[in-house]
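Below is one structure, written out as structure tokens; the observations come after it.
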Amino acid sequence: MNRAKSIAFTGLCVALALILAYVELLLPPLSAAIPGIKMGLPNVIIVFLLYRRSARSAALVSLLRILLVGMLFGNAMSLMYSLAGGVLSLAVMILLRRLDRLSAVGVSVAGAVAHNVGQILAAMVLLDTSELAYYLVVLVITGTVAGVLIGLCGALLIRRIPESLLKS
């Protein structure tokens with residue numbers, strides 16, 4: 001893929017991730033029942049990019065999406081939590097993808113759990129309390145469920161959009 005097409009494709013992926021983040025905001029809040037949980041819809045794009053493009057492409061789209069969502073829909077604190085969770089999640093998913101031992105669903109679940117761990121660690125540091133570690137049990141369970149659903153969607157995209165289509 002030439003440079004112009006690559007930049008356009010990356011922009012399209014960032015736009016899709018932003019749209020999915022906005023759709024997630026419009027859904028009935030899951031956090032009403034369990035504070036702090038989200039589905040992680042934009043991560044469908046990240047999982048797809050890890051398998052169909054590169055870790056660099058996935059990282060670029062992920063970081064741009066986190067920054068843009070934080071500026072458009074969040075605040076400084078939500079941006080810090082999202083960055084902490086997103087960076088740890090991305091690192092775990094990239095490592096597991098390179099090891100090539102798990103399916104897209106497994107990589108997604110690990111990323112979702114890592115995201116929750118990153119956010120809890122950030123909150124523990126920012127709020128200067130270790131009491132939040134207990135909440136990690138709830139977030140690991142909900143993160144696993146969300147990770148499976150996001151991974152299944154990502155795997156469907158990976159199967160349906162051939163690599164050859166992305167290289168032309």
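Average accessible surface for the chain: 56 Å² per residue, computed with a 1.4 Å probe over protein heavy atoms with every protein chain in place. Within the accessible surface of segment 32-135, defined with a 1.4 Å probe on protein heavy atoms only, the carbon and sulfur portion equals 67 percent. Think of each Lys and Arg Cβ as +1 and each Asp and Glu Cβ as -1; about the Cα centre, that makes the dipole of segment 77-164 roughly 400 debye.
Quick one, could you list the DSSP H helices from the chain stretching 15 Å or more along their long axis (Cα atoms) with average Kyte-Doolittle hydropathy of -1.0 or above? Going by DSSP H runs, the hits are 3-26, 55-73, 76-99, 104-127, 136-160.
Put a plus charge on the Cβ of each Lys and Arg, a minus charge on the Cβ of each Asp and Glu, and nothing anywhere else: the dipole of segment 20-105 about its Cα centre is then about 340 debye. Taking Cα centre as origin and charging only the Cβ of basic (Lys, Arg, +1) and acidic (Asp, Glu, -1) residues, the dipole magnitude of the chain rounds to 860 debye.
Extending 7 Å from Cα along the Cβ direction at Asp100 and again at Ala33 yields two label points whose distance is 4.0 nm.
The values are calculated or read from the model by the stated rules, or taken from the named source; none is laboratory data. For clarity, every value in this text was computed on a predicted model and none was experimentally measured. For neighbour counting, all protein chains shown are included, and Cβ atoms are generated from backbone atoms with ideal geometry for every residue, glycine included. With ligands, DNA and RNA removed, areas are computed over all heavy atoms of the protein, side chains included. Shrake-Rupley method; radii C 1.70, N 1.55, O 1.52, S 1.80 Å.
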